[in-house]
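Visitor: This is the structure I have questions about; it appears just below.
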Amino acid sequence: MSEDKLQQMLDYKHIIELKARFGRLADAKDWEGFKAVFSTDATFDLGGGQIMHGGETYAYAVRDMLEGAVSLHRFSMPEITFLSACEAEGIWVLHDYNVWPSDPQTGERCGYNGHGREYETYRKIDGTWKITSWRLRYDRLDPLPREPLPEFILGGPDALRDKAYIAAVVRPWGYW
């Protein structure tokens, strides 16, 4: 295997890890880390003619959009194309789930479950891959049911409804 091909395989891995950080840092609300995945001159197409410039500007806009929300971003099926040794473009399937605090009076929920694609370009800057452009297009954007969440687990096998099972399996990690 040629050195160039080996380097491209390593770069592919680094771009996939870059995208993983993108989602993890947004969900963890680590805005300093999140802005570090972008080049300073990056452009962001939010659709409807709304364009942003600069990784810091975009990171802080996402911070404001997700204020108080629980978010889960998952990316899959990467299509990475290398344009040169230091430039690439990618397409990712996106599934994101975002829910904001329930209305304190009614308990109604506010959020959505989204499915779409993210289109990106990348550039290797000082040996590190950065996102240099980003565009999101949703195929589906489903609002979450507005009803308050139940106090018990819905669905699944009956074992999930069993209090002894829940105490043995769920409590050790501090959930519920």
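Here, each number is a calculation from the coordinates, and none is a lab measurement. Every value quoted in this text rests on a predicted model; they were computed, and no experiment measured them. As a convention, Cβ positions derive from the backbone with ideal geometry for all residues, glycine included, and neighbour counts pool all protein chains shown.
Residues are listed down the side, and each one gets a yes or a no for (1) under 14 Å from Thr121 (Cβ atoms); (2) out of contact with any strand residue (DSSP E or B) (no Cβ under 8 Å at 6 or more places or on another chain):
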residue	(1), (2)
Lys29	no, yes
Leu46	no, no
His73	no, no
Met77	no, no
Cys86	yes, no
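Visitor: When you go through Gly107, Gly116 one by one, which is the residue that is touching a strand residue (DSSP E or B) at 6+ places or on another chain (Cβ under 9 Å) and of a type in the set (Gly, Ala, Ser)?
Guide: Gly116
Visitor: Additional query: If you take just the strands (runs of 3 or more DSSP E) that sit entirely in the stretch 1-92, which of them hold at least 3 residues that are touching a Ser or Thr at 6+ places or on another chain (Cβ under 6 Å)?
Guide: Correct list: 38-45.
Visitor: Spot the failing condition for Thr43; the list is (1) surrounded by 13 or more Cβ atoms within 10 Å (Cβ to Cβ); (2) in contact (Cβ under 8 Å) with a residue 60 or more places away in the chain; (3) over 19 Å from the mean Cα position of the chain (by Cα), and only one is missed.
Guide: Only one criterion in (1) surrounded by 13 or more Cβ atoms within 10 Å (Cβ to Cβ); (2) in contact (Cβ under 8 Å) with a residue 60 or more places away in the chain; (3) over 19 Å from the mean Cα position of the chain (by Cα) is unmet by Thr43, namely (3).
Visitor: Which residues, counting only those in the stretch 67-89, are under 15 Å from the mean Cα position of the chain (by Cα) and within 24 Å of Ile15 (Cβ to Cβ)?
Guide: Answer for the stretch 67-89, where residues must be under 15 Å from the mean Cα position of the chain (by Cα) and within 24 Å of Ile15 (Cβ to Cβ): Ser71, Leu72, His73, Arg74, Phe75, Ser76, Met77, Pro78.
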